[in-house]
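Taking it in order: structure first as structure tokens, then the write-up.
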Amino acid sequence: MVSINEELKAAKAAKAAINLLLKTATTKGVSATLRTANHAAILNLGSGGALNKARANVGIAISNLMHGPPTPEKIDKAKSTMDAWIKELEAAKP
């Protein structure tokens, strides 16, 4: 497990990386950042709650984005799930 603050940092970095996909082709840095965020979300999955639902949704969206070309639909889905994840993380911060 990682702390909420570390998870939030990974989420914000992934959101910035996803925004880069709109401007450039996928790079190693973007992929590494997305993998880190996906790992943080999956590691912290628990039982129930809005935060866990957001973690599951972002894990699926990032996985879809990383496998195959980053289509506008995949990018939009990842961005919206990332926003929901960040919102839930900020609400859960101690």
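Laboratory data are not the source of any read-out in this text; all were calculated from the coordinates shown. The shown structure was predicted, so the numbers you read here are calculated from the model rather than taken from an experiment.
Here are some notes:
- Taking every C-alpha pair closer than 8 Å and separated by at least 6 residues, the mean separation divided by the residue count of the chain gives a relative contact order of 37 percent.
- Within a straight-line Cα-Cα reach of under 17 Å, Lys74 can be paired with the following aspartates and glutamates, leaving aside sequence neighbours fewer than 8 residues apart in one chain: Asp83.
- Of (i) 18, 56, 22, 3; (ii) 12, 25, 32, 22, 8, 1; (iii) 18, 53, 26, 2, the label for P(r) over Cα pairs in 10 Å bins from 0, in percent derived from the coordinates: (i)
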